[in-house]
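Accompanying notes for the structure given below.
The values are calculated or read from the model by the stated rules, or taken from the named source; none is laboratory data. This structure is a prediction, so every number in the text was calculated from the model and none was measured. Neighbour counts are summed over all protein chains in view; Cβ atoms, including those assigned to glycine, are modelled from backbone coordinates with ideal geometry.
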Amino acid sequence: MLELLTSGFAVILEPSAFIMIIFATIVGIIFGALPGVGSAMAVALMVPFTYKMGPVVSIAFLTAVYCSAITGGGITAILFKIPGTPGNTPTTFDGYPMAQQGRADKALGIALVCSAIGGIVSAFAMLLISPQLSSAALRFGPAELFAVAFFGLSVLSSLDSNNVLKTLISGLIGLSLATVGMDPIFGVPRFTWGHSALVGGIPMIPVMIGMFAVTEVLKQTVNPFKIEGEFLNKKVSTKLLTIKETIAMKITILRSAVMGTVIGILPGAGATIAGFLSYAAEVKSSKTPERFGKGAPEGVAATETANNAATGGSMVPLLSLGIPGGNSSAIMVSALMLQGVQVGPMLIKTQPVFLSGVFASMIVTNILMVIVAIGIAKVFSKILNMPYSVLGPVIILLSVVGSFALQNNTGDVRLMMVAAILGYAFIKLGFSSAALVLGLVLGDICESNLRRAVMIADGDILSVLSRPITATLLITCAILLILPFARQLYKSKKALS
């Protein structure tokens, strides 16, 4: 093991390779912070840089971009309520309120430190138990993956404990919107109403940007007293967690790191589901759940730890089995294939330096990105010195660019504006934008896996739902969704008596 570690760090710490890792970290954080770019696009844009590199340095370089992009997305989520990547969406729940309260520096510090811890924990898991974790992941067929995605809906009961019914309705609307576009099994368009722009489905990024960032601008504009009010610090720095503060949140960080790693291993789950589920777990386990959504530091810690831990988890099936865990790892496979490398079980046996190289890259990146992100966050925070009458249009400009950059399509910009108006209506009517986005994220995963599982079982849906792992997750999800209603009913009966 020691020899394996030494060989990995020997490759990564060579001057030329180390410089490229630094470059990858900077680029990843910047791209992750830009709305609409995301980790997958950042990795794809960096693939041409790997053509002159060796295979080990190539995957280490792309891994660094992938890890740091998730961290970068937390910067704009906290400062502007613009999630840089879908996995940073739950960061806005408490990170942005902390910024409004003048605690942006602490929120950024929590996000960076917890991101690094989550990434390092998942890197060790990848190195030490990669084969075992991969074999466990193979037991998850379409039925189990459906249950994992459906279990993600249990988050709905945590998003707004005061209005659970409207939150559930919002989630159902999101699930319904996920059915628009091409049928995932038969490949025929549905619910497109004759519009070719809807054939590809409703993209998540423009909806997410519209319902969070632009809706916030509309909300601030409607309340004139907030437009010129200095509700944010004029000078935003980054206050890293002290050792004492880190120890105080050790349970949150450890639970989120484990949860993120495990979810990251499952193909198709990734950082988004990891972030949402970890946030829900933190709310459920807290003795003061009413603090969440109003600036609870634990909410930021849970999300940023989990979504970064998912990056290491997604590398486990990639290196051990040759199965990409998500879009970013699929792009990495393509980059390696261009160099004649076939990932899979034999790769680790014949060339273990690939595993050690990725491990070393993740360790170095997670340390470097804290230092780099502090500087980049300071640059982004300069925008906060503007009065909101100027800052608002700047946020809208970033939102338009981010939506257009997704597919170079003005239709996505129009969709983003429609989502912004819908998001503002949701606020006024007491519905949940976050629940709608979650439903949109999970809808396609739930449907495609459930239908595949039913087809494999020759149409016997009962045999699909009664599989041990599937049944356990579904029953747990049902309990978590019903529990808030049961509590409210109990409280009302107790009040009447």
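Lys81 passes every criterion in (1) farther than 20 Å from Leu277 by Cα; (2) touching a residue at least 60 places away in the same chain (Cβ under 8 Å); (3) not in a helix (DSSP H, G or I) apart from (1). Sub-8 Å Cβ pairs linking a first residue in region 1-23 that is on the phi > 0 side of the Ramachandran plot to a second residue that is at pLDDT below 80, at least 6 apart or interchain, number zero. Here is the figure for region 413-462: residues that are surrounded by fewer than 16 Cβ atoms within 10 Å (Cβ to Cβ) and either closer than 22 Å to Gly210 by Cβ or in contact with a helix residue (DSSP H, G or I) (Cβ under 7 Å, 6 or more places away or on another chain) (or both) total 9. Every test in (1) modelled with pLDDT of 75 or more; (2) in contact with a Pro (Cβ under 8 Å, 6 or more places away or on another chain); (3) not β-branched (Val, Ile, Thr) is passed by Ala123 save one, and that test is (2). Of all residues in region 469-493, exactly one satisfies the criterion of being of a type in the set (Phe, Trp, Tyr) and closer than 18 Å to Lys166 by Cβ, namely Phe485. Restricting attention to region 131-159, the residues that are of a type in the set (Gly, Ala, Ser), in a helix (DSSP H, G or I) and either at pLDDT 80 or above or more than 15 Å from Ala310 (Cβ to Cβ) (or both) total 8. Considering only residues in region 43-68 that are free of Cβ contacts under 8 Å to residues at least 60 places away in the same chain and in a helix (DSSP H, G or I), the one that is surrounded by the fewest Cβ atoms within 10 Å (Cβ to Cβ) turns out to be Pro48.
Listed residues Ile475, Ile367, Ile421, Ile395; which is part of a helix (DSSP H, G or I) and either among the basic types (Lys, Arg) or modelled with pLDDT under 85 (or both)? Write out each step before concluding.
Values: Ile475 fails: either among the basic types (Lys, Arg) or modelled with pLDDT under 85 (or both); Ile367 fails: either among the basic types (Lys, Arg) or modelled with pLDDT under 85 (or both); Ile421 fails: either among the basic types (Lys, Arg) or modelled with pLDDT under 85 (or both).
The match here is Ile395.
Here Gln100 meets each of (1) surrounded by 24 or more Cβ atoms within 10 Å (Cβ to Cβ); (2) among the polar types (S, T, N, Q); (3) modelled with pLDDT of 80 or more with one exception, condition (1). Only one of (1) closer than 30 Å to Thr221 by Cβ; (2) modelled with pLDDT under 80 is not met by Met346, so which one is it? Evaluating Met346 over (1) closer than 30 Å to Thr221 by Cβ; (2) modelled with pLDDT under 80 leaves (1) as the failure. Entry remark, region 363-375: residues being more than 20 Å from the chain's Cα centre (by Cα) and closer than 19 Å to Phe80 by Cβ number 2 in total.
Pairs, please: C-beta under 6 Å, at least 6 apart or cross-chain, first residue more than 30 Å from Glu144 (Cβ to Cβ) and in region 471-493, second at pLDDT 75 or above and not β-branched (Val, Ile, Thr)? No pair meets every condition.
Taking the listed residues Leu62, Leu45, the one that is modelled with pLDDT of 85 or more and closer than 17 Å to Ser329 by Cα is Leu62, with no other qualifying.
Of the residues examined, Ala64 is one that is of a type outside the set (Ser, Thr, Tyr) and more than 30 Å from Thr215 (Cα to Cα). Taking region 404-437 as the range and being within 22 Å of Gly171 (Cα to Cα) and among the small types (Gly, Ala, Ser) as the test, the residues that pass are Ala419, Ala420, Gly423, Ala425, Gly430, Ser432, Ser433, Ala434, Ala435.
Would you confirm whether any residue within region 293-304 is within 17 Å of Ile445 (Cβ to Cβ), touching a residue at least 60 places away in the same chain (Cβ under 8 Å) and either polar (S, T, N, Q) or in contact with a Leu (Cβ under 6 Å, 6 or more places away or on another chain) (or both)? No, because not a single residue in region 293-304 is within 17 Å of Ile445 (Cβ to Cβ), touching a residue at least 60 places away in the same chain (Cβ under 8 Å) and either polar (S, T, N, Q) or in contact with a Leu (Cβ under 6 Å, 6 or more places away or on another chain) (or both).
The combined condition, being farther than 25 Å from Gly95 by Cα, touching a residue at least 24 places away in the same chain (Cβ under 8 Å) and in a helix (DSSP H, G or I), is fulfilled by Leu175. Within region 186-241, the set of residues being modelled with pLDDT of 80 or more, of a type in the set (Val, Ile, Thr) and assigned to a loop (DSSP other than H, G, I, E, B) comprises Val188, Thr192, Val199, Ile202.
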